Structure formats: C-alpha cells, structure tokens
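Peer 1: What follows is a single structure, and I will ask about it in a moment.
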Amino acid sequence: MQDSAPKVLRLFLLRHARSGWALPGQRDFDRALDETGYVEAETLAQMAADHGIRPERILCSTAVRCRETAEPFFRTVSEDLDIRYIDELYSGPTSVYFDLIDAHRHLSSLMLVGHNPMIEQLLYRLIGDDQAREAVPHGYPPACLAVVDLAAAAGTDGADATLVSLLLPNQ
C-alpha cells in the first residue's frame, strides 16, 4: 500500500549572521562576520543540532559572511553536509531563490543561506504577509533561521507553506 500523503519539502531559510561594515576599498561581497556574528553563527548551529536540524542539502551564497555563517554547521551538525555555493544567491533577486527551491523539490529538506531583502521576501511569499509580519515584526534579523514546510503540490508563488518554527541565537 502506497502512502498517499503529499511529500513535504522542509525549507530552512537562514539569513547570514551579523557582519562588519565594509573596510575602505573592500567590496560588500567580502564583508566578514563581526565578533557578534561569529557568536551568533556558532550558537545557531548548536541550536539547530539540538533541534535535530540536518538539511539534506545547503545552498549558500558565495559572499564571505554567508560562508562564515554556514561553516559552524559542519562542525556542529555534521561534517558530511552537502553544501553548494551559488553566486546568484548573492546578487540575484528573490526569483532565483524560488527557482532553486523548485529545482530541489526532489529532496526532503533544503537550507538556503542568503541575504536580505531576498530571505525576508521569500518568507513573506511562502507563508503570507500576515503570518510573516507576526513571525518577524521588525524584519528578518541576522542569524534568523525559519523552518518552513512546503507541500510538494504547492507552488512557490505565494502563501502555500507553513511556518514550523523560528530560531534566533539570542532567544
């Protein structure tokens, strides 16, 4: 007997941790985490491990601050995580994030490590404006990890997902 329940893609939407300001002559792309950001990234990775969060694949922006946010997941969650670095997550619009989600529907879980405003816009489109405003009333903070379930049959064009939880390292 086949299970008729629809397959759900569990999405982990992670905005990079706090980063320092660009140094004179430094590109935005090369901005590293500041001291607070390093602590946030380590704390969040430990919280994720404590909650049993282990994405099947991580798609991470190639920007330095995103790579530094994702790195603690290797030490804390698992050193054999499948992580892929995607340039378009740095410079592309929200539609790039949606395209990547659609291309990975065959997985059971996917983490996107990216930037605002795209991560926040993605959350709003997936779960709807009202629920997103309630979840992140002051905007999507750095080092925030939203856990969202998206049914296989649901489109990524708006409000078809369920917010499962929100992890913040300072909670």
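Peer 1: Report yes if Glu42 is in a loop (DSSP other than H, G, I, E, B), among the charged types (D, E, K, R), farther than 19 Å from Asn116 by Cα and out of contact with any strand residue (DSSP E or B) (no Cβ under 8 Å at 6 or more places or on another chain), otherwise no.
Peer 2: So Glu42 does not fit the description; no.
Peer 1: Now for a separate question. Only one residue in Ala32, Ala22 is closer than 21 Å to Pro141 by Cβ, surrounded by fewer than 14 Cβ atoms within 10 Å (Cβ to Cβ), without any contact (Cβ under 8 Å) to a residue 40 or more places away in the chain and small (Gly, Ala, Ser). Which one?
Peer 2: The match here is Ala22.
Peer 1: Let me ask something else. Determine which member of the set Asp130, Asp149 is of a type outside the set (Phe, Trp, Tyr) and at pLDDT below 95.
Peer 2: From the options Asp130, Asp149, the qualifying one is Asp130.
Peer 1: Applying the selection to region 112-136, what residues are surrounded by 16 or more Cβ atoms within 10 Å (Cβ to Cβ) and closer than 18 Å to Ala63 by Cα?
Peer 2: Leu112, Val113, Gly114, His115, Met118, Ile119, Glu120
Peer 1: Across region 75-102, what is the total count of residues that are touching a residue at least 40 places away in the same chain (Cβ under 8 Å), crowded, with 17+ Cβ neighbours inside 10 Å and either in contact with a Pro (Cβ under 6 Å, 6 or more places away or on another chain) or farther than 18 Å from Pro142 by Cα (or both)?
Peer 2: Within region 75-102, residues that are touching a residue at least 40 places away in the same chain (Cβ under 8 Å), crowded, with 17+ Cβ neighbours inside 10 Å and either in contact with a Pro (Cβ under 6 Å, 6 or more places away or on another chain) or farther than 18 Å from Pro142 by Cα (or both) number 3.
Peer 1: Report, ordered by the first and then the second residue, all pairs with beta carbons closer than 7 Å, sequence separation of six or more or different chains, a first member in region 55-74 that is among the hydroxyl-bearing types (Ser, Thr, Tyr), and a second member that is in a helix (DSSP H, G or I).
Peer 2: Ser61/Leu89; Ser61/Tyr90; Thr62/Tyr90; Thr69/Ala41
The values are calculated or read from the model by the stated rules, or taken from the named source; none is laboratory data. Note that the structure is predicted; figures quoted are calculated from it, not measured. Every residue, glycine among them, receives a Cβ derived from its backbone with ideal geometry; neighbour counts consider all protein chains shown.
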